[in-house]
Structures are given as C-alpha cells and as structure tokens.
Amino acid sequence: MATTLERSRILYFLPLIETRRRRRLRGSAQVPLFPGYLFLRGEAQECDVAWQTNRVANILRVEQQAQFESEIAQIQRVVLSGAPVDLFPALRVGRRCRIIAGPLCGVEGVLSRRQGVSRVFLAATVLGQSALVETDSENVEPID
C-alpha cells in the first residue's frame, strides 16, 4: 500500500518501530506502530487511489485536523528518535487481557505494569488470591 501511494506521490505516514523477534529468530524487525493503519493526507482523488489498491478496509475522515496533525507530529518525533516504544492503544493497565503467544497463550487476566514490564494478574477468586506473571507487551491483547 505504502509503495503504491509513494509511486502516486501521495503523502502518507506509516510509523514503524523496531521490535525483537520471538523464539528462534534472532535480531529485530520493523513493524507498524499501529497495526492496520496508514495515515494518508489527501482529498477525494488521493483517497480513490488508495481504494483502488484493494488493500483498504476503511478510510477514516478526521474532523479535528489541527489536533490530529499535532498528535501525528508527536508520534513521528518519537518514532524518529529511536526511543523504545511500547504502545498498545486499546491495552491499558487494569484492562482484561489475553496472552496470545508463547507457552502462556490463552491465559487471561488483568494487565499491570511495573517499572516498564508488562504483567498479567491471574485471579483465583475462590481462594481470594491472585498470581502475577510477566510477559512481553507484544504477547498481550485486550479482551472486549
């Protein structure tokens, strides 16, 4: 998608971050900061070009352009700085979540963070107790 927009000289922003690869693969890879989102700047004609790629599920129109541009500029600054980014917009401390990878795949609990480390509280309500397990943030998804 980004390549098509670039060839068409359409302005876009695809924030990528460096992430560690899991398990046997070593090194790192660049992945989208916001999976499934590419930010496009344009009018109807540019949106039509994006639609014609058959890779667009939806185009979200932004009413508060000034605010949005300010937020995107901040995100771009963070991404370009190379600072480690751990961002999951729908995944907040205190929210129910599920571990989606590794030996704990399928385990559900409540997200906690302490000193930058993601942890999932596992409840044993009958006992009035809970356990705490550490996991990589990339291995956790919110439960709706």
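Using θ = phi - 60° in the Karplus curve 6.51 cos²θ - 1.76 cosθ + 1.60, the 3J(HN,Hα) couplings for the stretch 51-68 round to 4, 5, 6, 6, 10, 10, 8, 6, 10, 9, 8, 9, 7, 8, 4, 4, 5, 4 Hz; x is entered for Gly and Pro.
On the basis of the beta-carbon distance and an R0 of 35 Å, Ile100 and Gln45 show a calculated FRET efficiency of 0.35. Temperature 25 °C, viscosity 0.890 mPa s: under these conditions the Stokes-Einstein estimate for the stretch 2-72, based on its Kirkwood radius over C-alpha pairs, is 175 µm² per second.
Between the stretch 98-115 and the stretch 25-63, the C-alpha centres lie 28 angstrom from each other. Surface exposure of the stretch 4-75, expressed per residue as accessible area with a 1.4 Å probe, stands at 84 Å².
With a 1.4 Å probe and all protein chains left in place, how much of the accessible area of the stretch 33-76 comes from carbon and sulfur atoms, in whole percent?
Numbers: 1630 of 3520 Å².
Roughly 46 percent of what the probe reaches on the stretch 33-76 is carbon or sulfur.
Using 0.36 nm per residue and subtracting the Cα-Cα separation, the extra length available between Gln30 and Glu6 on full extension is 6.8 nm.
The values are calculated or read from the model by the stated rules, or taken from the named source; none is laboratory data. Here the structure is a predicted model, which is why all the values come from computation and not from measurement. Glycine gets a Cβ as well: all are built from the backbone with ideal geometry, and neighbour counts include every protein chain shown. These accessible areas exclude ligands, DNA and RNA; they are computed on the full protein's heavy atoms, side chains included. Shrake-Rupley method; radii C 1.70, N 1.55, O 1.52, S 1.80 Å.
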